[in-house]
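So the structure is just underneath, and the comments pick up after that.
The values are calculated or read from the model by the stated rules, or taken from the named source; none is laboratory data. All values derive from a computational prediction rather than experimental measurement. Cβ placement follows ideal geometry from the backbone for every residue including glycine, while neighbour counts extend to all protein chains displayed. Ligands, DNA and RNA are stripped out before the accessible areas are found, and what is left, the full protein with its side chains, is counted by its heavy atoms. Shrake-Rupley method; radii C 1.70, N 1.55, O 1.52, S 1.80 Å.
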Amino acid sequence: PFNPTTSIRYDLLEGTFVNITIYDMLGNVIKTLVNGSRTAGSNTVEWDATNTKNETVSAGLYVFAIQAGELKQTKKMLLVK
């Protein structure tokens, strides 16, 4: 659970293209946090619970999907207000 921001930390063994996107439980894109090349090592991105129009989203369950090279992974997160 988080309120009002959360950090997503990820480690890369080598520089690669990274995409991190937030979705609601219906599969709608809420916001793309990262969409480009990143360097090797530890990386962090923050989500401030806003959508692509920078409007605050409602409390609830969200999913973030990370794609880095061949890695694809999704995780759930709970926004509590």
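Considering only TRP47, LEU26, PRO4, the residue lying farthest towards the positive end of the dipole of the chain is LEU26, judged by Cα position with unit charges set on Cβ. Per residue, the chain exposes 64 Å² of accessible surface when a 1.4 Å probe is rolled over the protein heavy atoms with every protein chain present. For the stretch 40-52, 3J(HN,Hα) computed residue by residue from phi via the Karplus equation (6.51, -1.76, 1.60; θ = phi - 60°) reads 5, x, 7, 10, 9, 9, 10, 10, 9, 6, 10, 9, 5 Hz, glycine and proline entered as x. Listed values for the stretch 21-35 are Karplus-derived 3J(HN,Hα) couplings in whole Hz (6.51 cos²θ - 1.76 cosθ + 1.60, θ = phi - 60°), namely 10, 9, 10, 7, 6, 8, x, 6, 6, 9, 6, 9, 8, 9, 7, and x replaces Gly and Pro. Database remark: amide H of VAL18 closer than 5 angstrom to the amide H of GLY36, SER37, ARG38 (H placed geometrically; neighbours at sequence offset of 5 or more, or on other chains; Pro and chain starts carry no H). With Rh defined as the Kirkwood radius, the inverse of the mean 1/r over Cα pairs, the Rg/Rh of the chain is 0.97. Whole-Hz Karplus values for the stretch 3-13 come out as 5, x, 10, 9, 10, 10, 10, 8, 10, 10, 6 Hz, taken residue by residue from phi with 6.51 cos²θ - 1.76 cosθ + 1.60 and θ = phi - 60°; glycine and proline positions read x. Share of carbon and sulfur in the accessible area of the chain stands at 49%, probe radius 1.4 Å.
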